[in-house]
Amino acid sequence: MTCSHRTTVTRVTPSARGCEDCLRTGSGWVHLRLCRACGHVGCCDDSPNRHARAHFHETGHPVIEGYDPPEHWGWCYLDEVFIDLRADPTPQDGSIPRFV
Ligand SMILES: [Zn+2]
Ligand SMILES: [Zn+2]
Ligand SMILES: [Zn+2]
């Protein structure tokens, strides 16, 4: 099983240093996921609000990158496969604010 959406993976600028929706509402998260189509930073499926998945449902952007810190792998929501992003990771945009 491979991902057929590699062409949607592009260089992006992270929209925020943490999950932008959680930062707005004062919620916390477990891990961050960066949308590789537009740069939206959301929280993972282990987080209470699952904003990265919500972003996928809203926009159809299929590929996210592990981003807490940059972990050099991607995940396609449509194909449900991991993608190797070691050749093209997104640099972190400063330290990540955390709610512990
Ligand atoms: Zn895919
Ligand atoms: Zn969130
Ligand atoms: Zn996006």
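Laboratory data are not the source of any read-out in this text; all were calculated from the coordinates shown. Just so we're clear, the structure is a prediction, and the values are computed from it rather than from any experiment. FYI the Cβ positions are ideal-geometry reconstructions off the backbone, even for glycines, and counts take in every protein chain you see.
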Of the trypsin sites (Lys or Arg not before Pro) in the chain, those whose Cβ has at most 12 other Cβ within 10 Å and which sit in DSSP loop: R11, R86, R98
Computed [θ] at 222 nm, helices only, for the chain once each DSSP H run of length n ≥ 4 contributes -39500 (n - 2.57): -4000 deg cm²/dmol
The range 9-19 - phi-based ³J(HN,Hα) in whole Hz, Karplus 6.51/-1.76/1.60, Gly and Pro as x: 7, 9, 5, 10, 9, x, 6, 7, 7, x, 4
Prolate/oblate/rounded call for the range 1-46, Cα gyration tensor, a/c under 1.5 rounded: oblate
Pairwise label distance in nanometres, S4 with D84, each label 7 Å out on the Cα-Cβ vector: 2.2 nm
Linear extension gain, E71 paired with E58, 0.36 nm per residue minus alpha-carbon span: 2.2 nm
Shape of the range 19-100, Cα gyration tensor, a/c cut at 1.5: oblate
